[in-house]
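Presented below is the structure to which this report refers.
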Amino acid sequence: MPENFKLDLTHRPRRLRRTASLRALAEETVLRPQDFIAPLFVIDGRGGPEAVPSMPGVFRLNLADLAKECRALHKLGVPAVALFPSIDPKLKDAEGSIALREDALVLRAVRTVKKAVPELTVMTDIALDPYTTHGHDGVLTADGRDVDNDRTVGILRRMAVLHARAGVDLVAPSDMMDGRIGAIRCALDTAGFTHTGIMAYSAKFASAYYGPFRDAVGSAKAAGTHGLSKATYQLNPANRREALIEIALDEQEGADILMVKPAGPYLDIIREVRNATNKPVAAYQVSGEYAQLHAAAKLGWLELERCRRESLLAIKRAGADMILTYFARDMAAELAG
Ligand code: PBG
């Protein structure tokens, strides 16, 4: 190639990348602290914070520390938290009975947060996995070989009403049973909680990226079920059309917000869902996505801050209106500073 080679080009897209200010003007996607929902793990008693080894920087918090963490998140502009109880294995049974107790840890946690920071949006998972000895999201069929759909939905309805009574703004059914959104909507309305919203885990895949979360809530340790297969209810990672069927059903049944989970490996699904609905779309950057960035950063193989930002930007660019992420606090602090 001669040194003075010149292309006769009308279109030179690099013109808009020449300076920082031009790049800022042409920027299409912007992350804000308001985009994030912080998942928080809760323990009973006065102990903790307990580190979760597979999730550096994540701790199981007692109720007093939970209140403190929520104040800090609110100050940083994070609008919402999702609460996950870590239950003493001795209290678990095959039916997940303690999920329906009036003094359940998660209900006390909701009241604590609502009292400490009334403006914060609080959501809770509706599923039985933190409470069952086998770690499944529902109760089992008589032969013990599968999760019983309809009996599980009957229990989840009662659980959702208890959570609404404790003051959650959104219940988040994460169980993937058929018909649960309609059944929960009806139970909430009948009990007078017409204002309590539903964030549906609509396209939730049977993913291997949930491992660290199962360490955090102890749903794996209790049953030795780290690799527990939830394939009879969660979606096959190979299936895109089936995800859209689930999204359409949850929307018809009355979900207020539709979620895709995991997020990073499912950006195509987020985009399809964005194009298929006018409802808000949430994406859950799950524990394994968080763990893998931390692990690579610890080895010096990736830059944590840049990868964290890029991973969240990609999820938003794909079409998510809100992102559940364990990076919520750090990312909001970085954006604020
Ligand atoms: C349970 C639930 C899971 C997650 C959120 N709610 C795990 C599972 O389905 O086994 C995973 C979140 C994460 O990995 O960060 N219904």
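Look through the stretch 155-212, keep the residues that are of a type in the set (S, T, N, Q) and within 16 Å of G254 (Cα to Cα), and return whichever of them is nearest to the ligand (Cβ to nearest atom).
Out of the qualifying residues, it is S174.
Testing Q34 on (1) at pLDDT below 95; (2) more than 19 Å from A216 (Cβ to Cβ), one condition comes back false. Which one is that?
For Q34, the failing item is (1).
Is it the case that the stretch 103-119 has a residue that's of a type outside the set (F, W, Y) and farther than 29 Å from Q34 by Cβ?
yes
Just give me the residues in the stretch 233-254 being within 16 Å of the ligand (Cβ to nearest atom), surrounded by 13 or more Cβ atoms within 10 Å (Cβ to Cβ) and part of a loop (DSSP other than H, G, I, E, B), in sequence order.
Selection gives Y233, Q234, P237.
Find the residue count for the stretch 174-189, including only residues that are out of contact with any Lys or Arg (no Cβ under 6 Å at 6 or more places or on another chain) and either under 16 Å from L235 (Cβ atoms) or not in a helix (DSSP H, G or I) (or both). Lay out the reasoning, then the answer.
Going residue by residue through the stretch 174-189, those that are out of contact with any Lys or Arg (no Cβ under 6 Å at 6 or more places or on another chain) are 174-175, 177-182, 185-186, 188-189.
Then drop every residue that is not either under 16 Å from L235 (Cβ atoms) or not in a helix (DSSP H, G or I) (or both), which leaves 174-175, 177-181.
Residues that pass the stated criteria total 7.
Among the residues of the stretch 111-154 satisfying the criterion of being closer than 25 Å to K90 by Cα and in a strand (DSSP E or B), which is nearest to the ligand (Cβ to nearest atom)?
D125
When you go through (1) farther than 25 Å from R71 by Cβ; (2) surrounded by 20 or more Cβ atoms within 10 Å (Cβ to Cβ); (3) touching a strand residue (DSSP E or B) at 6+ places or on another chain (Cβ under 7 Å); (4) small (G, A, S) one by one for A172, which number turns out not to apply?
(1) is the only condition that A172 fails.
The values are calculated or read from the model by the stated rules, or taken from the named source; none is laboratory data. Because the structure is a prediction, the values reported are computed rather than measured. When we count neighbours, we look across all protein chains shown, and the Cβ atoms used for this are built from the backbone with ideal geometry, even at glycine.
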